[in-house]
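Please read the structure below before turning to the comments.
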Amino acid sequence: MPELPELQAHAERLTGQFAGATVERFRALTFTALKTALPDPSATHGHRLTGVDRRGKYLLLRTDATAASAAAGAGAGAAGEGPVTFVVHLMQGGRLRPDEKQAAKPRGGIARWTFTDGRALLLTEAGTERKAGVWLVAGDLHAQEPLAGLGPDADAIDERTLADLLARHPMRLHGFLRDQHLLAGVGRRLANEICHRAELSPFAGTAKLGGDQVARLLAAMHAVIADSLAEERGRDDLGPSKERTSAVHDRAGQPCPVCADTVRTVAYRAYTVAYCPTCQTGGKVLADNTTSRFLK
Ligand SMILES: [Zn+2]
């Protein structure tokens, strides 16, 4: 799944290509593509796309249209009349790209934005999961679904906030880093890379981390994200995760680039935690029945 740096670089690319273009029409191509009933997408027709931003793992296609929000009157007073934004989640296999062909039935097509200059943007999703989607939100984005409840962005969080979150949510560090309600933008690859850079075990208890460890974690988080962002800004599209430079992620059985110890893994049903014993666990190899495969 694309994570914070990939999505940030992609948002910047899309802004460069499409900011200022006037929306002719937004059309959902599947029944499940559009996750909201109001505002109606036609509210954006004839209005400009002002830019593309990112929050967590969501892309925000901002327009200069205004509309009343579906959430208006639903309490909190945060929602209401305001600028209309398309909030897009790519999930695992989604892509949002310029649509050169504008085919009637594009392969994997989820939604399409056409612009008055003849260009188009197409949201596609590989496979059959159909989880990628678009929310249309008017007014205060951050108080409404799907962004309400996200933790602070990992590239912007400060040490005090991080220390507080860690102390209040006792769990394994790797799980903490990936929990979007606690910290937004980090997925499996970044979690592996951040723990390695911080020289912390992915299984360390969050509430037990000392002040120096929290400081190291924050520095590692910001450094890994900055490195990844620099790499992504050099690309012209969202590439597959295999192409990204990693120290431990997807490198089981290979030497750690810091100390040359063998990178180990602990596999779960949906993901794999990768770590270097020498750098992260005091040399201790954690129990995992998949590791033996790499030792043969
Ligand atoms: Zn190492």
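The values are calculated or read from the model by the stated rules, or taken from the named source; none is laboratory data. The structure displayed is predicted, hence computed values, not measured ones. Cβ coordinates were reconstructed from backbone atoms using ideal geometry, including for glycine residues, and neighbour counts include every protein chain displayed. Side chains are part of the model used for accessible areas, which takes the heavy atoms of the whole protein and leaves out ligands, DNA and RNA. Shrake-Rupley method; radii C 1.70, N 1.55, O 1.52, S 1.80 Å.
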Name the cysteines of the chain that stand alone by the Cβ rule: no other cysteine Cβ under 4.7 angstrom.
-> Cys195, Cys259
Distance in nm between label sites at Ala270 and Ala215, each 7 Å beyond Cα in the beta-carbon direction?
-> 3.6 nm
In a Gaussian network model of the chain with springs linking alpha carbons closer than 10 Å, the residue among Arg95, Arg160, Arg264 that fluctuates most is Arg160
Which whole-number value in Å² is the accessible area per residue of the chain, probe 1.4 Å?
-> 46 Å²
Where a Cα-Cα gap under 21 Å defines reach, which lysines qualify for Lys57, not counting those fewer than 8 residues away within the same chain?
-> Lys35, Lys131, Lys242
Please state, as a whole number in µm²/s, the translational diffusion coefficient that the Stokes-Einstein equation yields for the chain at 4 °C and 1.567 mPa s, with Rh defined as the Kirkwood radius across alpha carbon pairs.
-> 63 µm²/s
Sort the following peptides by mean Cβ neighbour count (other Cβ atoms within 10 Å, averaged over residues), highest first: 29-38, 172-181.
-> 172-181, 29-38
Between rounded, prolate and oblate, where does the stretch 125-210 land on the alpha carbon gyration tensor, with a ≥ b ≥ c its root eigenvalues, rounded for a/c under 1.5, else prolate if a/b exceeds b/c?
-> oblate
Net charge (Lys, Arg +1; Asp, Glu -1) of residues whose beta-carbon lies under 14 Å from that of Arg107, Arg107 excluded, is +3
Express the relative contact order of the stretch 128-186 as a whole percentage, based on alpha carbon pairs under 8 Å and six or more residues apart in sequence.
-> 35 percent
At a Förster distance of 22 Å, what's the computed FRET efficiency of Glu81 paired with Thr116, Cβ-Cβ distance as r, to 0.05?
-> 0.30
So how far apart, in nm, are the two label points at Thr30 and Asp179 if each is 7 Å from Cα heading toward Cβ?
-> 3.0 nm
By the scheme Lys and Arg +1, Asp and Glu -1, what is the net charge of all other residues having a beta-carbon under 14 Å from that of Cys256?
-> -1
Simple label model, 7 Å out from Cα along Cβ direction - Thr22 to Gln92, nm | 4.2 nm
With every protein chain in place, the chain: carbon and sulfur % of accessible area (1.4 Å) | 50 percent
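Using alpha-carbon pairs under 8 Å, 6+ residues apart, how would you state the relative contact order of the chain in percent?
Relative contact order, the chain: 16 percent.
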Within the chain, the percent of DSSP beta bridges that are antiparallel, given to the nearest 5, stands at 95 percent
List the relative contact order of the stretch 184-242 as a percent without decimals, with contacts defined as Cα pairs under 8 Å and 6+ residues apart.
-> 35 percent
Gain on full stretching of the segment that runs from Leu38 to Cys259 - 0.36 nm per residue minus C-alpha separation = 74.1 nm
